[in-house]
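A short write-up of the structure that comes next.
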Amino acid sequence: MPGYQAHMLAGAGMAGGIIAGSMYMGWFDAEPIYIAILVTISTLAALFPDCDTESKGQNFFYAIMAVTDITLIIHEHYKWASILGLFAMLPALGKHRGWTHTWWAMLLVPLPIMALPWVFFRTSWEETLPYYAAAVIGYLSHLILDREF
């Protein structure tokens, strides 16, 4: 099975390739910081399915989540901090290669990226679709490397 580095590279590589292709075709245009955010989301999503087992990938994923959560708390974004904390615990609710390694989890786990901004801020789905897509792409890269299809 691929290690966490392979999953990170695959998530970043798939996102980068799709973004580059979309920009080349004229379907997508973005600032470098926005592209970096999308690639980061994809990279983290590529690690998510293995967060249900003790691993370097799990440690890296939760370190990033902890730093993000602390940053949200410092900036008094308590709703977002609590939501992040809740969703970070979800992999512990199953066995390794259980629900986190399914196609439906690939589509459902990132769904709060689109749904929660609408619930709290009435943000349109069009604004959050690229973030959701980046997460799905990263998740998909993990499932492909693990030969789940």
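Structure notes:
- Scan of the stretch 25-51 for residues that are within 24 Å of residue 88 (Cα to Cα) and charged (D, E, K, R), ordered by number: 50
- The residues of the stretch 60-115 that are among the polar types (S, T, N, Q), in contact (Cβ under 8 Å) with a residue 24 or more places away in the chain and out of contact with any Phe, Trp or Tyr (no Cβ under 9 Å at 6 or more places or on another chain) amount to a single one, 102.
- Test for residue 26: is it more than 22 Å from residue 141 (Cα to Cα) and more than 15 Å from the chain's Cα centre (by Cα): yes
- Of the residues 103, 99, the single one that is surrounded by 13 or more Cβ atoms within 10 Å (Cβ to Cβ) and of a type in the set (Phe, Trp, Tyr) is 99.
- Residue 147 satisfies every condition listed in (1) surrounded by fewer than 16 Cβ atoms within 10 Å (Cβ to Cβ); (2) over 13 Å from the mean Cα position of the chain (by Cα); (3) more than 19 Å from residue 4 (Cβ to Cβ) except (3).
- Residue, surrounded by the fewest Cβ atoms within 10 Å (Cβ to Cβ), within the stretch 37-89, restricted to residues that are charged (D, E, K, R) and over 25 Å from residue 127 (Cβ atoms): 54
- Any chance residue 120 is surrounded by fewer than 14 Cβ atoms within 10 Å (Cβ to Cβ), farther than 21 Å from residue 13 by Cβ and either over 14 Å from the mean Cα position of the chain (by Cα) or among the charged types (D, E, K, R) (or both): yes
- Enumeration of residues in the stretch 31-59 that are assigned to a loop (DSSP other than H, G, I, E, B) and either in contact (Cβ under 8 Å) with a residue 40 or more places away in the chain or under 14 Å from residue 133 (Cα atoms) (or both): 51, 52, 53, 55
Only the coordinates and a few stated rules stand behind these numbers; no lab work does. Keep in mind that this is a model prediction, so the values were computed, not measured. Quick reminder, even Gly has a Cβ in these numbers, built from the backbone with ideal geometry, and neighbours come from all protein chains shown.
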